[in-house]
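Remarks on the structure that follows.
Throughout, read-outs are computed from the coordinates displayed, never taken from laboratory work. Bear in mind that the values here come from a model prediction, so they are computed numbers and not experimental data. As a convention, Cβ positions derive from the backbone with ideal geometry for all residues, glycine included, and neighbour counts pool all protein chains shown.
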Amino acid sequence: MEKLRNIIAAFAVAMLAACASLPPQAGRTETHALDHTETTRLGAVFVPAEQQHPGSNAFHLLPDPVDALVARILLSEAADRSLDLQYYIWHNDTTGRELAASLLRAADRGVRVRVLLDDLGTNADDQLLLALNSQPNMEIRLFNPVANRSLKKLGAVFEFFRVNRRMHNKVMIADNQGAIVGGRNIGDEYFGASSDFTFGDLDVLVHGPIVRKVSDAFDEYWNSDAAYPIDRLMGHRAEPTTLAAYREKLDASVASQQDRPYFVQARQRLFQVIQARDLDFSWGNATLLYDDPSTITRAPGDSQGHLMTEWRALRIQPTQELLIVSPYFVPRKGGVAWLSGLTARGVRVTVLTNSLAATDVAAVHAGYERYRKALLAAGVRLYERKPVTTNESAEDKKSTFGSSRASLHAKTYVFDRKSIFIGSMNLDPRSMELNTEIGVYCESDVAASQVVDAVEARLDREAWRLEQRVDAAGNRRIVWIDTAADGTVTELDREPGLSAGRRITIWFLGLLPIESQL
């Protein structure tokens, strides 16, 4: 009996601790993007080109993972006055530390650095964040954080209905002159630096009037009620010696990686870009679409302030072709009806998503697979990314959406080869209703065609094409068409990567009423 009382008492203490409350936001300092940055080094590069294209915006696609890291380092090292970063995930790994070191260097030379991280997505070490926050020019805030920092996992359970709403945005802005928006988080697997796994992804580097819109959106999040300064959340500042100790470890870690072939290649690429002083930009109109940060306080079905509400207002109506690249794709009945309507009007609709063998979220695949037959019946060209591209040539090692041992992560939608949306939004219920998202709609036939041409050229080799067969009894079944590098075509009548255990898992997940969470 005494043992039972002790267990109950311990559980009660844990319950009370998990129910901690967030600190008040009263007195928190609001800050905003800096104006009049035309005379910065980035302004000196971007402004003359913008004057030659009045009212237009410049787009440079970043499909290559090394280039994506180089572009971020370049913005960080070139910034003179401000750096604003907003990310769902930031790993404390090789590339994460490389970029953190670059931000510290910027702060040391007087650049104001603001970093807004999603609390659950990042799951960062609070003490490390406090140390960075103690640099006078650097401030760290966490979005919609768990209140209890010592029992964070337990606290997340008890605060589920609040903390289930996450900030999925991925943005970097330098001097209010250049910005990177897209699908990549910060971590080795997003930049091709992991020896085990790579996410195939896409970002866009932009400059022009759209950058000021991106900065305004960042300010909305930074000054929102959901953004908590790390020191306020923890209730104290870092010890004076903490930052120096972290710098020592960070510098040693970064130095130990400099002779790795990956970073040798990255430095070479960085030098090439600096020497050329001119990236290949296309020009056109741009519209920033994003969720109002306060959407996390409203019911999931409330469309006010949602990115999709802004999307519908654009009335984008492809008449010839639509390419959808979405790693997590759960269209639901409304999405199937929309795509069916397009194909009925003669629009060629192609969807590229992850296969079961490639996905890192089995629950999403369970939600997606129930719509495959309806999509195929509607005439949608449906492709599922392979986890490994076999028999690659040296030229094939670089791919628009991933290489060997890769999972698709890009969120990209191309309309009639004339316009393209690049951002953080998947076509699934979580992106539509629960998370906040951001992206840029670029009206550029050059950028749009670049993506379509790159995808179409490799689609059959890098993905299984799904088709529907009807047997003698009239039953419909799906087959997977596998095209090898040498052009050999094989028809598979069972889903690739579906072991007996995996099949049971997907079957069970398909029974659960969790589609709204996917």
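Computed values, structure above
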item	result
Packing-based order for 220-233, 25-38, 295-308, using average beta carbon neighbours within 10 Å, highest first	220-233, 295-308, 25-38
Where labels lie 7 Å past Cα in the beta-carbon direction, separation of ASP125 and ASP219 in nm	3.5
Dipole magnitude (debye, nearest 20) for the chain, charges at Cβ of Lys, Arg, Asp, Glu	1200
Estimated distance in nm for a label pair at GLN257 and ALA377, the labels positioned 7 Å out from Cα along Cα-to-Cβ	4.9
GLU239-GLN272 FRET efficiency (beta carbon distance; Förster radius 35 Å; 0.05 resolution)	0.25
Segment GLU310-ARG28, extension gain: residue separation times 0.36 nm, minus the distance between their alpha carbons	98.5 nm
Which listed pairs, of LYS170/LYS333; LYS170/LYS418; LYS170/LYS411, have C-alpha distances above 20 Å, in listed order	LYS170/LYS333; LYS170/LYS418
Pairwise FRET efficiency - VAL336 versus VAL361, Cβ, R0 = 22 Å, nearest 0.05	0.60
Where labels lie 7 Å past Cα in the beta-carbon direction, separation of ASP460 and GLN265 in nm	2.8
Cβ crowding within 10 Å averaged over residues, with 49-57, 460-468 ranked highest first	460-468, 49-57
FRET efficiency for VAL157 and ARG370, using Cβ-Cβ distance with R0 set to 30 Å, rounded to 0.05	0.60
Cut-off 16 Å (backbone N to label point 7 Å along Cα→Cβ of VAL470), residues of the stretch 334-378	373-378
Cut-off 16 Å, label 7 Å out along Cα→Cβ of ALA20, residues of the stretch 225-260 by amide N	228-238
The stretch 32-276 - share of DSSP beta bridges that are antiparallel (%, nearest 5)	60
